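What follows is calculated from the coordinates using simple rules that are stated; it is not laboratory data. Everything numeric here is computed off the predicted structure, so don't read it as measured data. Counting neighbours? That spans all protein chains shown, and the Cβs are built from the backbone with ideal geometry, glycine included.
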Amino acid sequence: MKRTPLAAALFAIALGGTTVVAFADDVPAPQNVPYSAGALKINVDATDLAHRVFRVQETIPVAAAGRLTLLYPQWIPGNHSPTGPIDKFAGLTVKANGKVLPWTRDEYNVYAFNVDVPQGASEVEVDFQFLSPQDTRQGRVVMTPEMLNLQWNTVSVYPAGYYARQIQAEPSVKLPAGWQFGSALEVASQDGGSVHFKPIDYDDLVDSPIYAGKYFKRLDLDPGASTPVHLNIVADDPKYLEVTPDQLKIHRQLVQQMYKLYGAHHYDHYDFLLSLSDKMSGNGLEHHRSSENGTPPAYFTEWGKGWAMRDLLSHEFNHSWDGKYRRGADLATPNFNVTMGDSLLWVYEGQTQFWGQVVAARSGLWSDKQYLEMIAAVASVYDKGRPGLASWRNVQDTTNDPTIALRRPLPYRNYQGSEDYYSAGEMIWLDVDGKLRELTGGKKTIDDFAKVFFGVNPGAWDVDPYTFDDVVKTLNGISPYDWASYLRTRLDGHGPLTGGLASHGWKLVYNDKPSDAVKAMEMFRHMTDLSYSLGVSIGKEGAINDVLWDGPAFNAGLSPGMTIVAVNGRSYDSDAIKDAVTAAAKDSSQPIELLVKNFDEYKTVRIDYHGGLKYPHLERDSSKPDTLSQLIKAK
Ligand SMILES: [Zn+2]
């Protein structure tokens, strides 16, 4: 029976207790001591493709009789939020010496389960299933007829009361017959279709997912190196596994450019896991010795088309240094059920966003032109595209968004702000690079910061946490300046955050021609982007995605959720609305008249806008040297 707060409060008063009653969970706090009873044996059966169910059988050694609290991971690294999929955890049965032990869920922590271990038991047997999503409304689809993505946090429980790295695990997995896999885990043996991995601590296990598939390819990205780096690819169809020599060369350059940037690495081997699929959900999730990357199937086979998102692998790889090895102190939590603090995500994600794009250009994943167009698109967002950051919110506050919004769609994203610490962070670091160059006459750059801050202690593995003061101290070590104020002004202020462009010799301008970057993103997101003209972006068949707060479309009464049916009396399509904007710019008496549908109601909306189409571009400022081109030059 669920105890109500009122009943509990009355109970406390009846006992003559204090009038203040705290409702807290009853989960033992993690201690930094070894879990000495023995290693968790975690056996996962991942063969039920028809039902997309992972079946788990786990043996947990116990040292003594009494209460045992088992935790299902809640705070997921890389998500920076309490997103452990407890809603898909089912079928829990716990046994000791062959007898079922009744379990109870902690009243105030739905991720914690208590059992009473009887005298004489040396281990408990835990069985449960992870019911993976059947469609994307339920979460990421991770199992298809051709591939699967096994994340250990979804298919294991662990004892409360210990640091995750103090708990040893012996994992194994049974994969569908004939499938191959990639993972940072090291294989100990294989039998009867099961793969047994070498013992690993639970912290590293959760950091070491598996991509497995019917169609699989493994490429060596650093031939002959003492620290191997591989690209493991699974695909919907073998035809997507065709990789040209040029494409292989570019991915090898990615590894070398990252090494030149940091000068040290913090793994003994690294495995990119890449899914090329329309069925399995896309992904981008960093780990210390691997990364999960998911793109549409034609990543290699339609190389020219899908370039907008081609900084994915460089972004996730960069996290091995920034985020996994060096981590904001409030994110370096002892286990997966302790609240994470996200205050330094503007370094973790912001600088990774910065390097992900710069190194994409340095390695050839992007051309210089593609980089410049992309940075213009990013800069425009922090010039005119985030009225919420210009008015009520700041970049620092957006670091709370993984917990606030949990990546759910937002009604007015541009006004609410979201995970802006990524791209706003990128703009801030571009600004820092400009300042370092200015202070040192071009002798020092952000490459120096990267090397000193992230590229230290070659071969060291353990997380090296840092604080805001450490960031400031390192910058001061490169070039003395009031970096604390410099950063805080940008993090806590209201923008714009485009100063880095000017310091690198470029200007942000707008004209009526979309860049290839804008076109590529329109294609990727199936939308028409009129953010800087009408103040609206429109999805398939006229469905309005986002309306710029206080922009022309907003002030005319448009909002997300409406559908544009007709433009100036003709059926809506992407060209029709752009033609209407262009016509209204030539003739200020010409209205832009939209027929929109809102629920079952149709209405005519007139937008009084005559500024024409507007898309962001970069233009050289010849009074200053072009250091942006120097920044993205291969090392
Ligand atoms: Zn990231």
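Here is how the numbers come out for the structure above:
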| item | result |
| --- | --- |
| Sites Asp368 and Gln180, calculated FRET efficiency, Cβ-Cβ separation with R0 35 Å, nearest 0.05 | 0.40 |
| Cα-based shape type of segment 510-550, given that a ≥ b ≥ c are square roots of the gyration tensor eigenvalues and the cut on a/c is 1.5 | oblate |
| Spin-label model distance (nm) - Arg407 vs Glu619, 7 Å beyond Cα toward Cβ | 3.9 nm |
| Asp191, Asp278 arranged by Cβ crowding within 10 Å, fewest neighbours leading | Asp191, Asp278 |
| Sum of -39500 (n - 2.57) over DSSP H runs of 4+, divided by residues of the chain (222 nm, nearest 500) | -7500 deg cm²/dmol |
| Potential lengthening between Thr467 and Asp116 on full extension [0.36 nm per residue; Cα-Cα distance subtracted] | 122.3 nm |
| Order of Thr93, Thr498 under a 10 Å beta carbon neighbour criterion, fewest first | Thr93, Thr498 |
| In range of the label at Thr104: residues from segment 37-79 whose backbone nitrogen is under 16 Å from the point 7 Å along Cα→Cβ | 66-70 |
| Which of Trp346, Trp307, Trp392 has the fewest Cβ neighbours within 10 Å, and the rest in rising order | Trp392, Trp307, Trp346 |
| Those residues of segment 608-624 whose amide nitrogen sits under 15 Å from the label point placed on Val509, 7 Å along Cα→Cβ | 614-624 |
